[in-house]
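Just so it is clear, none of the values below were taken in a lab; they were calculated from the coordinates. Being a predicted model, the structure only gives us computed values, none of them experimental. Because the Cβ atoms are built from the backbone with ideal geometry, glycine has one as well, and the counts that use them run over all protein chains shown.
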Amino acid sequence: MVNRRAKWVAALRTPVGAFAAALLVLVLALAVLAPILWHGKAFEIDTNAIGQGPSAEHWLGTDDLGRDIFFRVLVATRLSVLLAVLATVIGVVTGLVLGTLPSLLPRPAARLVTASVNIAVAFPGLLLVLFFSVIFGVGTHGAVLAVGFALAPAFARLAQTLSASVAGHDFVSAARISGVGRIRLLTRHILPNIGEPLVVNATIGAGSSLLAFSGLSFLGIGVQAPEYDWGRLLGEGLNGIYVNPAAALAPGVAVVLAGLAFNLVGETVAGVIGVRTGSRKLPPRPVTPAREEAVDDRDDAVLVVENLQVAFPRPAGWTVPVRGVSFTVRAGEAIGVVGESGSGKSLTGLAVSRLVEAPAVVTADRLDFAGKPVLTTPERELRGLLGTSLAMVFQDPMTSFNPTRRIGRQLAEVAEQHQGLPRAKAFARAVDRLRAVRIPAAERRARQYPHEFSGGMRQRAMIGMGLMGDPRLIIADEPTTALDVTVQRQLLRLLARTRTERNTAIILISHDIAVVSQTCERMLVMYAGRLVEDLPSAGTPRHPYTRALLAATLDLETDRDAPLAVIPGRPPEPDRVPTGCAFADRCPAVTDRCRLEDPVLERVKPGHRVACWHPHETSSAQPAKESVTAGGAE
């Protein structure tokens, strides 16, 4: 309750939330008070000022009977808003019934209801309103029903979609197996889980209902005399618009403002429900007291990361899947990031690229790319830097490329947006970059769509997109996953050639410690969101986790008769990281200290850092097999 109250307060402090609340309060206050305060003035006839324009006595002029238009607009607020709300309620209730009936009826009847809703949704809303107006007749009651039933198909479709998404969850299946009836299953398990988005859409739909109702009254089939709403006033004022434009303008502005109030309130409610409010208390920073300078800050540093943290909000607090990561990447250096799934490798790469979106929160004591602080540099200035100097190669290029646009145009867009090249020159540059990444018949291929490329060619095209600028850093997130070994070798050679020719730094994120050891000079090992070891690829691992990963790697010297080495247990969930060392439950060398204190990343020798209370001791006589390079050799 406290969290939800804080979210509402935060939402109301935003410009949109504050304006929406103020506007809605004004509309509701007028709806309640205007008929009480100015009802008499709205019907008072001034025979000396019939059809006149604005004056000191009549701010917006008078109508054909000499009644004050300003007071009539104010008094019409109650009926206009009330009818719009009633129509919205009818639409929501009818939509819920139609949307949830398929889950209660037999299959043939459910299909009939679903088909009817789909057909109704296909028609424009205004056409449905006019259709139902013919059925229910002219007048206030007929218009309310017409607008309400016209809104119902959209809510029914939404309710069907949301219900289907919830019905597939395990708790619904468990309730069904336990014998819960269909109606109880719907009211106790499904509707409570889809109520919030329906409320948001109902709030926004009230604005559409107001506009539709005003339109019916404007056409003369809504509110009838002597009653009047904004639509009827708009129709009356339109007859004399050349004599007194304010008579038509005032009710029109009232409709727009009231509709805007409902829509903005809906957006604010969506922000609170979706945890998208901008004012939020940040999660506490992880305490990682460095016993040495953790970040190697040199003049040739391309990327400097110090105490990076990525946090996601949840009802009970924060989940922090990346907890205090620090490292440096120098120009021309190749660094590999390894670890099991869920260790935070990909999220770290996305965070340094500014690709982690709200509601996630990215913080760092320092996050510099090419000498620019990434978290504090203005977005416009940073967009140009990241667009030309940082390239991101994603794991699945099929989902990274737009399937409806040709490959060449997608590459050319980078040069058009960030380098200002004209369309023809940008396309020529795209073709040149496709040639650079060894794609045959580059000019013809540039005019093809992503689905016409093989997996390896799409990966090369992704690298070509990164080379459209002059990248100082390439972050490759699992670039060889699901590719055969021949294509893997081609891609790794392409990255190596790019690094050599352009002095480009590379961060290679991978599960495959063998690939990383053959491609990179240095290796970062992540576990449970933290770096546990930073070592040269040719070095000997000291952390038990790194040694366990290495032992599970197969090579030509692996004894095929021996059982495969595995790491017992599984990594902790990001929101359930234990106190002390996160690897303690799986570590063969665990002690009481490991379960109580989280080790910091300390230097054990130049270029080698380990976060472990009991790192493995090494000696010069130790077999080379235990080194990372030897363990990953082919």
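Numbers for the structure displayed
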read-out	value
Residues Trp230, Trp38, sorted so that the one with the fewest Cβ neighbours within 10 Å comes first	Trp38, Trp230
Rounded if a/c under 1.5, otherwise prolate or oblate - the stretch 55-178, Cα gyration tensor axes	prolate
C-alpha long axis of helix 191-219 to longest principal axis of the chain, angle in °	40 degrees
The chain, relative contact order in percent, only Cα pairs under 8 angstrom and at least six apart counted	11 percent
Exposure proxy order (Cβ contacts within 10 Å, fewest to most) of His511, His543	His511, His543
Relative contact order [Cα under 8 Å, 6+ residues apart], the stretch 301-444, whole percent	20 percent
Global form of the stretch 555-601, assessed from the alpha-carbon gyration tensor, a/c cut-off 1.5	prolate
Separation between Cα centres of the stretch 129-166 and the stretch 432-489, rounded to whole Å	50 Å
Efficiency of FRET between Val256 and His511 - r from beta-carbon atoms, R0 56 angstrom, step 0.05	0.50
Principal axis dimensions, largest first and in whole angstrom, of the stretch 2-273 by Cα	78, 47, 27
Expected-Rg normalisation [2.2 N^0.38 Å, Cα atoms] applied to the chain	1.29
Phi-based couplings in Hz for the stretch 122-136 (Karplus 6.51, -1.76, 1.60; Gly and Pro marked x)	5, 8, x, x, 5, 5, 5, 4, 5, 4, 5, 5, 5, 6, 8
Mean separation of Cα contacts under 8 Å (6+ apart) over length of the stretch 2-273, as relative contact order %	24 percent
From phi via Karplus (6.51, -1.76, 1.60), per-residue ³J(HN,Hα) for the stretch 536-542 in Hz, x at Gly/Pro	x, 4, 8, x, 9, x, 10
Cα coordinate range in the stretch 394-516, projected on the principal axes (Å, largest first)	43, 31, 22
³J(HN,Hα) computed for each position of the stretch 77-90 - Karplus, 6.51 cos²θ - 1.76 cosθ + 1.60, integer Hz, glycine/proline x	4, 4, 5, 4, 6, 4, 5, 5, 5, 4, 5, 5, 4, 4
Gap separating the Cα centres of the stretch 504-525 and the stretch 44-123, nearest whole Å	63 Å
Arg405/Glu227 FRET efficiency (R0 41 Å; Cβ-Cβ; nearest 0.05)	0.15
Estimated inter-spin distance, Leu33 and Asp470, nm [label 7 Å along Cα→Cβ]	6.5 nm
